[in-house]
Structures are given as structure tokens and as C-alpha cells.
Amino acid sequence: MGKTLKIKSVKLKNFRNYESLGTKFHPKLNYIFGKNGSGKTNLIESIYFLTNLKSFRTKKRSSLIKKNTNAMYVGGVFSDDDMSKDVKLEASLFEQKRVYKLNNKTEQNLIDYLKSVNTMVFFPDSLRIIKDSPLFRRNFFDRAISSIDPTYLLESKEYSRILRERNKILKNNGDDRLLEVWNSRFFSCASNIFKKRTAFLELLKQKISPLKKTLNINKNIEIFYSKSLKYSHKKNTETLAYEIIKEEYEKNKEEEKIKKQTCLGPHLDDFVIYLDGDSSRENASQGEQRLVIILILLAVSDVYREVSEENLIYLFDDMSSELDREKRQSVIEYLMSSDSQVFITSTEKPETKNPPEAYSLFDLDLGGGIIR
Ligand SMILES: Nc1ncnc2c1ncn2[C@@H]1O[C@H](COP(=O)(O)OP(=O)(O)O)[C@@H](O)[C@H]1O
Ligand SMILES: [Mg+2]
């Protein structure tokens, strides 16, 4: 482990509310606190932006540019664990134009670089994984699977492409011969997606149990993969092999034609998160939902770390509103025990009880400087 880069410093110019900021970071824990509106989320967002070249809270890149200015700059220096080799990444936006630089050289393609820095962000909106539509949850889990299995991304894209073709044919009265052209590849993609989603949930389950102990959660947390293809009459349905899928589509042929669209398949599945046997979407309190989401995000990142043998940069926005003091301490200690770099924002100063031995503290109310 340890190929992942850590961020050593950041420089901002006209990024959100920052006219100009330059600051160094601690390789392990960075605790950023300040009043509401002091720029905590913006600072976290700048790190996320540098490592993902997009924001986690807006699709509109132009909103990152400070109001009444027409350009912004974010630059960061990253280095690997032994701090031997620095990598400098810079991103500038001028109105609609973007310029990215890697080690002072303008680059069009930063894919390789982006593979080596991985961030996991926790912020109040993460609750959407519980509250939002099945589409949102599918995207979340699909992204998590793609991060450990790049072929999954290709298969999902191919599935969506064939789905569009099939739906076009079905809209056009569903000629069997035309459908036949796509079907075999379609069933094979569907079957792979089913299998990989099921396998991923199994990996998550293994990570959730120890995390529950760490966070002192006594309730039962389960993620149920709710498939649109149901096989009540079949045994061993979990594998959802090609033949079974084909058979199921065969049975639904007439319905597809009436509805003029593909009515079965992984594009209609959902992931239902249960807390002590009840759907957390309907029955859990806001606090419980937050805890469940943090647990799932930590479990997803644990799976990622295990499979990819890479570490992550963790960004926790508004941690004090997400977790009570005791749980906060447990999460920090849990992350500190691995070699991850962690950023936490809060409106409160850190508890003096058991402070980790090494961390940097930023007080944005004092202008963003390191005070410890
Ligand atoms: N493009 C922008 N230009 C100028 N100010 C902005 C821009 N985007 C956001 N802000 C301001 O930045 C301030 C800090 O925001 P934020 O980082 O979300 O605060 P918090 O510390 O509560 O997380 C807010 O007052 C917000 O209005
Ligand atoms: Mg905030």
C-alpha cells in the first residue's frame, strides 16, 4: 500500500470566496474549523476539484470562480508516502475555458494522473444515497464498483447503449429479428452486471461488520440488492446466469411489445438499505441515516483500499453536524490507524480528549493559517 499521493499544499486564487490562499497540509490529519460561511466547504471543494477536476456540489464549473472576477486558479503539490517525488497539478478556469497543468506543462489528458489520487468525500448531501431515487443509488454503487473494476464501467456503458437500441426497436413495433441482433450481447452484459453487483455487496457486507464494532453501532445494517428480474421459481438465483436471463426475457416478450420498452434488467434495479429490518429511507431518523451513510461510505472505501491496494484522501465536510463527539473520535481513530490523509471541517474546535498526536489545525476565522 502507499502508492497514493497525498496533498502537501494548496494555492487558491479567486476560488469561491478565496481571493488568495496558500497553505500547507499535514500528511495525516487536517482539522479545519470556522464559522458558517467562513469557507470550510470551499477549501475541501478545492482539494476535491484538484483530484477529480470537478466539484462534488455543483455541475457548473463557473460557480467556482469568485464573484465579480472572470478567472480562478487552484494549484496543489502532491507527493507519495516517502515524500520523495513531488507532483504539481494546476487548474485554471477563465469563463468557459479550462487549462490543466501537470508539473508546469499544459496537459489535455490527466487520466493517468487522476488514477493515482483518490478522494472519498463525505458531506451532508451524501444522504441522497438513502433519500434519492433508485437511479442515484445505482449510479453510486456502479461508480464504486467501477473504481475497483474498470471493465465494469465498459460493460455498463455497453449495456446502456444496447438498451437504447432495443428500446428504439421496441418503440418501432419490436421486430423480433432486429431484437435478436442485440439480445445475446445484451443478456451477457446484464448477467455480468448482476454478478458484479452481487459480488460487490458481498465484499461490502464483510467490511460493514467490523466497522459497526468500531463505531459502536448495535443495529443491524443490510444492503439488499432489489432486482427487477425475479426468479421465485428458481433455486440458486444469485448467479443470474445468461440462460436464466434469456429465459426471463423470453417470458416477458409480449409485455415488452405492449409497453414498447425493455421492462426488465439491471437498469431498473435498486439497492435498499435496511436498518434493523426496516427500510432506512422510510423509517430511520435523520441521525441514523447519517450514521448509516458514513458506515457505507467507509465500507466502500475499505473495499477500494483492499482491492486496489491504494490509499485515499478522506474529505469529511461538516463532521460535527454528521456525528456526535464519541462517534467522531472513533471515525478519526479508525482512519488514523490506516495511513490515509484526512481532512475534517467543523464549526467546533477539536475535542482536547485524546487528540491524535500529529495533526494540523486551521482556523478560517483567523484567515486560514495553521495555528498548530
Ligand atoms: N463564486 C463565489 N464567489 C464568491 N463567494 C462565494 C462563491 N461561492 C461561494 N461563495 C461564498 O463563500 C462563503 C463560504 O462558503 P462555504 O465554504 O460553503 O462556507 P462554510 O464554512 O459554511 O462551509 C459563503 O459565504 C458563500 O456565499
Ligand atoms: Mg460548509
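The values are calculated or read from the model by the stated rules, or taken from the named source; none is laboratory data. Because the structure is a prediction, the values reported are computed rather than measured. In this analysis, Cβ positions are derived from the backbone assuming ideal geometry, glycine residues included, and neighbour counts consider all displayed protein chains.
Only one residue in 67, 13 is assigned by TED's automatic domain parsing to the domain that holds residue 112, more than 30 Å from residue 303 (Cα to Cα), within 13 Å of ligand 1 (Cβ to nearest atom) and exposed (fewer than 15 other Cβ atoms within 10 Å of the Cβ). Which one?
67
Would you mind stating whether residue 207 is at pLDDT 95 or above, in a helix (DSSP H, G or I) and under 30 Å from residue 128 (Cα atoms)?
So residue 207 fits the description; yes.
If I ask for residues that are over 16 Å from residue 265 (Cβ atoms) and crowded, with 16+ Cβ neighbours inside 10 Å, which ones from segment 138-175 would you list?
140, 144, 145, 146, 147, 148, 149
Taking the residues in segment 36-53 that are touching a residue at least 40 places away in the same chain (Cβ under 8 Å) and within 10 Å of ligand 2 (Cβ to nearest atom) as candidates, determine which candidate is nearest to residue 143 (Cα to Cα).
44
Scanning for something at pLDDT 95 or above, in a strand (DSSP E or B) and under 26 Å from residue 321 (Cα atoms), does segment 23-38 turn up at least one residue?
Checking segment 23-38: not a single residue is at pLDDT 95 or above, in a strand (DSSP E or B) and under 26 Å from residue 321 (Cα atoms).
Residue 314: aromatic (Phe, Trp, Tyr), more than 24 Å from residue 118 (Cβ to Cβ) and either modelled with pLDDT of 90 or more or not assigned by TED's automatic domain parsing to the domain that holds residue 137 (or both), yes or no?
Against the criterion (aromatic (Phe, Trp, Tyr), more than 24 Å from residue 118 (Cβ to Cβ) and either modelled with pLDDT of 90 or more or not assigned by TED's automatic domain parsing to the domain that holds residue 137 (or both)), residue 314 does not qualify.
Give all pairs with beta carbons closer than 7 Å in which a residue from segment 327-345 that is within 16 Å of ligand 1 (Cβ to nearest atom) meets a residue that is β-branched (Val, Ile, Thr); count only pairs at least 6 apart in sequence or on separate chains.
343/32; 343/44; 343/47; 344/32; 345/32; 345/41; 345/44
Suppose the filter is in contact with a Leu (Cβ under 7 Å, 6 or more places away or on another chain) and within 16 Å of ligand 1 (Cβ to nearest atom); does residue 120 pass it?
It is false that residue 120 is in contact with a Leu (Cβ under 7 Å, 6 or more places away or on another chain) and within 16 Å of ligand 1 (Cβ to nearest atom).
Mind listing whichever residues of segment 270-324 are more than 13 Å from the chain's Cα centre (by Cα) and either among the β-branched types (Val, Ile, Thr) or within 16 Å of ligand 2 (Cβ to nearest atom) (or both)?
Listed by number, the residues that qualify are 272, 273, 290, 292, 307, 317, 318, 319, 320, 321, 322, 323.
Are any residues in segment 13-26 within 28 Å of residue 310 (Cβ to Cβ) and either under 22 Å from the mean Cα position of the chain (by Cα) or within 16 Å of ligand 2 (Cβ to nearest atom) (or both), and if so, which ones?
15 - this is the single residue of segment 13-26 that is within 28 Å of residue 310 (Cβ to Cβ) and either under 22 Å from the mean Cα position of the chain (by Cα) or within 16 Å of ligand 2 (Cβ to nearest atom) (or both).
When you scan segment 3-12, do you find a residue that is at pLDDT below 90, touching a strand residue (DSSP E or B) at 6+ places or on another chain (Cβ under 8 Å), more than 16 Å from ligand 2 (Cβ to nearest atom) and assigned to a loop (DSSP other than H, G, I, E, B), even just one?
yes
Condition check ((1) out of contact with any Leu (no Cβ under 7 Å at 6 or more places or on another chain); (2) more than 16 Å from ligand 1 (Cβ to nearest atom)) across all residues:
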residue	(1), (2)
276	yes, yes
279	yes, yes
290	no, yes
293	no, yes
296	yes, yes
303	no, yes
306	yes, yes
311	yes, yes
318	yes, no
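Among 56, 33, which is the only one that is within 13 Å of ligand 2 (Cβ to nearest atom) and surrounded by fewer than 19 Cβ atoms within 10 Å (Cβ to Cβ)?
Matching residue, one of 56, 33: 56.
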